[in-house]
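First comes the structure, then the notes that go with it.
The values are calculated or read from the model by the stated rules, or taken from the named source; none is laboratory data. All figures in this text were calculated on a predicted structure; none of them were measured in a lab. Methodologically, a virtual Cβ is constructed for each residue, glycine included, from the backbone with ideal geometry; neighbour enumeration extends over all protein chains shown. Side chains included, ligands, DNA and RNA excluded: accessible areas come from the protein's heavy atoms. Shrake-Rupley method; radii C 1.70, N 1.55, O 1.52, S 1.80 Å.
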Amino acid sequence: MEADRDQPKPPEQSAELEALRARVAVLEARGPTRHRPRARSFLAVLLVLVAAVLTPLSIVSTWATNQIGDTDNYVAMMAPLASDHDVQTAVTDRVTGAVMQHLDVKTLLADVSPADRPVLDKALSKLNGPLTTGISNFVHGTVEKFVAGDAFARIWTDLNRTAQSAAVKALSGSGGGAVKLTDDTVTIDLAPVIDRVKQRLVDRGLGVAAKLPEIHTDFTVLTSDSVGKAKKWFRALQIIGFWLPLVTLVLAAGGVLLAVRRRRALITTALAVAAGAAVLGLALWVGRGFYLDSLPSGVSQPAAGSVFDALVGRMRALVRMVVTLGIVVALAAWLTGDGRAATRVTAMWSGGIGAVRDAAGFTGGPVGRWVHRARRPLNWTVVVVAAAVLVVWDRPTGPVTVWIALCALFVLAVVEFLDDDSRPHLVVPG
């Protein structure tokens, strides 16, 4: 027995022994640095948290740069308000009050020429009640008809365009003109509307309206104690509008790459970013109620609500887009994993489509074998393309998001249908 121990070992056994010793040495050398995975995990979690916190600010900065800071986008955002019923009602009441405030009925009627008297008497004969009340109703009706027409829509659009951007002027505190910021209130001067209304009144028989002086009255676009504070940050948001979303994306990607379990980190990162965007959406929803409740009594709450919705409409669309992307990426990463629940879902998906393919007698041939080899990259390509379409889509609405998702599911189903490696298809996909 002792002689057997002293016999030299075969070369292959010696090689295996040396390899085992080398591996043990490597593992022993790694002993003192066991903290490295923990450090990586801590740094990955930190980057993901920072990305989630920066997500709402990234959305706000993108909105400030692309919507508020861009004249064309701002005009397109504000133009629909010209046909909003609440805004039309508020403008009508505001213009009527301004006209009646400057309309001294007795003095102006005394100056009416004899030639205009018959036309004026005919118009006044249709009025009921006291003369001042009747004229006020007459003016209100004239303004109401004008505001409901296309002429007002053109004036409204031109007013916002010539003033460049109401919010830019308000938040920068510069520019003057038709849009201005006074005491934390953004207002639009309705003098061009009043000038057109005066002409309409003259055309309808109230010639004394031509003697009215130039009237300026303000329509409140936005009022809040925070407007003045926002002036300090608006320029900074414009500067970082492009870079902040990019930095947020880099931080999120860095967190995923540093993580030990990258698939799990990708799911966590996507959900964290979606949660950050959802917090901003919740803040907008809650803030709308607080904003309307804090308005002065002279401001129309329905009209203010319509203006608020128009101003933050694009921001809400960005929130929906980020939340949707986060959920889609998290779901895609989860389904491509090897978890029990994910495996069952993908098995039902693949098995169902495979059964349809078998029932149809379809054989993919070389194409099917190629699709089988490239199935995972193809599926991720579909997800990335769908996400890119959602990102570049201008003002993606809920139905648009649903249609993009349905189209992506259809393409994924086509890829699964073409996946034919000449084996039975009612199996769990590898």
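Between ASP203 and ALA413, residue separation times 0.36 nm minus the direct Cα-Cα distance comes to 69.0 nm. Note on segment 54-99: Rg/Rh from Cα positions, Kirkwood definition for Rh, rounded to two decimals, is 1.22. Each of PHE290 and ALA253 was given a label point 7 Å from its Cα along the Cα-to-Cβ line. The distance between the two points is 3.6 nm.
Computed on the Cα atoms alone, the convex hull of segment 255-370 gives a volume of 186 cubic angstrom per residue.
Hey, with R₀ at 41 Å, roughly what FRET efficiency would LEU49 and GLU214 work out to, going by the Cβ-Cβ distance, to 0.05? Here the calculated transfer efficiency is 0.10.
The listed residues SER136, SER58, once ranked by accessible area (1.4 Å probe) with the largest placed first, stand as SER136, SER58. Ligands, DNA and RNA left out, the 1.4 Å accessible surface of segment 272-341 is 69% carbon and sulfur atoms. A crude spin-label estimate for the pair LEU17 and TRP403, with each label 7 Å from Cα along the Cβ direction, gives 7.4 nm. Distance from the alpha carbon centroid of segment 35-100 to that of segment 276-343 works out to 10 angstrom. Seen from THR89, the other residues with C-beta closer than 15 Å to its C-beta sum to a net charge of -2, counting Lys and Arg as +1 and Asp and Glu as -1. Taken as Cα centroids, segment 371-395 and segment 135-156 sit 50 Å apart, rounded to the nearest whole angstrom.
Computed extension length for ARG373-ARG344: 8.3 nm, one decimal, from 0.36 nm per residue of separation with the Cα-Cα distance subtracted. Between SER297 and ALA388, the distance separating the two model label sites (each 7 Å from Cα on the Cα→Cβ line) works out to 5.9 nm.
For segment 79-90, backbone phi angles converted through the Karplus equation (6.51, -1.76, 1.60; θ = phi - 60°) give residue-by-residue couplings of 4, x, 5, 5, 9, 6, 4, 5, 5, 4, 5, 5 Hz, Gly and Pro being listed as x.
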